[in-house]
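The values are calculated or read from the model by the stated rules, or taken from the named source; none is laboratory data. Everything quoted here is computed from the prediction, not taken from an experiment. Here the Cβ positions follow ideal geometry from the backbone for every residue, glycine too, while neighbour counts run over all protein chains shown.
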């Protein structure tokens, strides 16, 4: 198992009560493992069915590999402008 | 020429216009977004904007490069403000310049639509009755950001 930090913003930060959380995931983890671990934390029930993840400041599509040292962020529905 | 920034102070649209305009540009378009007093029938007193600043700036640059590629090398300057904004405050300004008007105007429309769809910025509306609500465009629109 390994630990990853996940950045949270806006409504998600409010739901989890933190702007960054640590999740424990299997070695060779994927974005799906991160989302699954987040759902197990207090506040995780606020996540939609298919939450949007960014890795190293880029949106991910589908399931991707994630590793310690990468900047992982959970992106709530955006509303700029 | 491309410059995109998340800012915490007042946006000066004329500065953005000056930035993109040069001898070769005969047409400059400007989009300015401001805080309005009513949304979805509710009286608004202000909007608190927040952002994933580093990614927001990267994503705006990516969008600006896409616009330059699609619209014949348009020159682009974008600023999006974060923090507490009140009625009529400018939240976003986009200036686009080109030799001709069509690319300048079409690119500006492309930029604001993609910014609203993809750039990780959030707003919490403050209403007259004291309630505060995170705006969620996906509640009424199924589109999600993609890479």
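Data for the structure
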quantity	calculated
Residue satisfying all of: in the range B:26-58; within 14 Å of another protein chain (Cβ to nearest Cβ) and modelled with pLDDT under 95; surrounded by the most Cβ atoms within 10 Å (Cβ to Cβ) among these	B:39
Residue count for the range A:22-58, restricted to those that are under 20 Å from residue A:69 (Cα atoms) and more than 10 Å from the chain's Cα centre (by Cα)	10
Count of residues meeting criterion [in contact with a strand residue (DSSP E or B) (Cβ under 9 Å, 6 or more places away or on another chain) and in a loop (DSSP other than H, G, I, E, B)] in the range B:1-39	14
Yes/no for residue B:47 being in contact with a helix residue (DSSP H, G or I) (Cβ under 9 Å, 6 or more places away or on another chain), in a strand (DSSP E or B) and under 22 Å from residue B:118 (Cβ atoms)	no
